[in-house]
1. Residues K309, K349: which one is in contact with a Pro (Cβ under 8 Å, 6 or more places away or on another chain) and touching a residue at least 60 places away in the same chain (Cβ under 8 Å)?
2. Between a first residue in the range 168-188 that is farther than 16 Å from I363 by Cα and assigned to a helix (DSSP H, G or I) and a second residue that is open to solvent by 30 Å² or more (accessible area, probe 1.4 Å) and modelled with pLDDT of 85 or more, which pairs have beta carbons less than 7 Å apart while being 6 or more apart in sequence or on different chains?
3. Please determine, by comparing only the residues of the range 66-82 that are in a helix (DSSP H, G or I) and open to solvent by 70 Å² or more (accessible area, probe 1.4 Å), which one is farthest from K151 (Cα to Cα).
4. Given the residues A327, A339, which is the only one that is aliphatic (A, V, I, L, M), free of Cβ contacts under 8 Å to residues at least 24 places away in the same chain and open to solvent by 20 Å² or more (accessible area, probe 1.4 Å)?
5. Would you call L246 of a type outside the set (D, E), without any contact (Cβ under 8 Å) to a residue 60 or more places away in the chain, open to solvent by 20 Å² or more (accessible area, probe 1.4 Å) and not in a loop (DSSP other than H, G, I, E, B)?
6. Give me the helices (runs of 4 or more DSSP H) completely within the range 295-375, filtered to those with at least 2 residues that are among the basic types (K, R) and modelled with pLDDT under 85, ordered by residue number.
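The values are calculated or read from the model by the stated rules, or taken from the named source; none is laboratory data. Keep in mind the model is a prediction, meaning the values are calculated, not measured. Virtual Cβ from ideal backbone geometry, glycine too; neighbours counted across all protein chains shown. With ligands, DNA and RNA removed, areas are computed over all heavy atoms of the protein, side chains included. Shrake-Rupley method; radii C 1.70, N 1.55, O 1.52, S 1.80 Å.
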Amino acid sequence: METPDKVGGMSELVHAIQNTDQFFKNQAQKQVNTALTLRNWIIGFYIIEYEQNGKDRAGYGDKLIEKLAEKIKAKGIRGLSFAILHFCKKFYRTYPQISQAIPNSFQLIENESNRILQPVTVEMEGEKIQRTPAAVLLSKLSFTHFVELIKIDNPIKRVFYETETIVNNWSVRELQRAMDSMLFERTGLSKDKEAVLEKHRKGTGLTPKDIFRSPYMLDFLGLEEKPEYVETDLEGAIIAHLQSFLLEMGRGFCFEARQKRITFDNTHYRIDLVFYHRLLRCHVLIDLKMGKFTPGDAGQMHMYLNYFKENEAGEGDNPPIGIILCADKSETLVKYATAGLPQPIFVSKYMTNLPSERELKGIIEEEQQKKIAVS
């Protein structure tokens, strides 16, 4: 442990104490969250055990929990309402691997049902889905994260959001936004969702098709309504909300530049946004278009990519990738404008307002049909 340097004076001592205070406050908060999570899981365990022991209790269901909530309240115990007890019950069923984290000093009810507390995989439509280890869940997710995750019935989908939350260190609000914008459906358009999920877990073996999607939801930009926009309006809003934009783009994006200037024979061109993708090991160039995609957009991006490949790529880098973000596109036009190009160009729609769930599902289904037809 390092001690404050006397040469630094009082300010360095204050800084050291401030850091120490914040560190142990964070540790205490993590312990509280972990304890709360374990408490709720064990309560769910007890409720399930009680329901399963004896035929006279088996059919009670919600009535049993209602009566239990009343008796607990009468004992002066707060924070265990009917809704919370219901959650505890579902929490236990959804995350049996939490049993691995129960302290040895805490004796759970011993009976035949303990056999189901240790599975490490779950089978979904013939696919075996690896569960996230209990230690990782408890160290990375708060109780309120679990509240959101338990709303998801599909195990593959739930593990996807677990993985993304842990890898990206999402807050509960960021997790909610990802779920509301159907990130799983937009990312996991591949028919082999477990393969895509495994790649996201490990961060290896990813291809551009695994990472880029359409549409991109840019509702967080908060663009005001006005008769006409230009690309600089969109670009400025993205830079002002860069963290949210990076979360929407997905894992691995590192911001490098905006309005990157390149010059040919004293004629200047500017690339709207430049990123480096640390997993794909290449530059990603983004061109923003307020209107529909045109063949000229693909030609311009092709020029940018050729320039970057020759002049900007570092040793060991893969060829750069282009993304054209546009308000609308014709799939037929995109197909013929981008076919046969040496560097991949993705044309994706963006939406500045989150559509209804029904509309969003329709958009996703349309994208799925297009990808299936291509494959």
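1. Numbers: K309 fails: touching a residue at least 60 places away in the same chain (Cβ under 8 Å).
When all the criteria are applied, what remains is K349.
2. Matching pairs, first to second residue: N168/L247; V172/T144; E174/L247.
3. Taking the range 66-82 first, the residues in a helix (DSSP H, G or I) are 66-74, 82.
Filter once more, keeping what is open to solvent by 70 Å² or more (accessible area, probe 1.4 Å): 66-67, 70-71, 73-74, 82.
Values: E66: 21, K67: 24, E70: 25, K71: 27, K73: 26, A74: 29, F82: 17 Å.
Per the criteria, the residue is A74.
4. Working: A327 fails: free of Cβ contacts under 8 Å to residues at least 24 places away in the same chain.
Of the residues listed, the single one that is aliphatic (A, V, I, L, M), free of Cβ contacts under 8 Å to residues at least 24 places away in the same chain and open to solvent by 20 Å² or more (accessible area, probe 1.4 Å) is A339.
5. Details: of a type outside the set (D, E): yes; without any contact (Cβ under 8 Å) to a residue 60 or more places away in the chain: yes; open to solvent by 20 Å² or more (accessible area, probe 1.4 Å): yes; not in a loop (DSSP other than H, G, I, E, B): yes.
So L246 fits the description; yes.
6. Details: elements: 295-311, 331-338, 357-374.
Because the criterion is at least 2 residues that are among the basic types (K, R) and modelled with pLDDT under 85, the helices (runs of 4 or more DSSP H) in the range 295-375 that meet it are 357-374.
Residue-by-condition table, conditions (1) out of contact with any His (no Cβ under 9 Å at 6 or more places or on another chain); (2) among the aliphatic types (A, V, I, L, M); (3) modelled with pLDDT of 85 or more:
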site: E185; (1), (2), (3): yes, no, no
site: H200; (1), (2), (3): yes, no, no
site: D219; (1), (2), (3): yes, no, yes
site: T232; (1), (2), (3): yes, no, no
site: L242; (1), (2), (3): yes, yes, yes
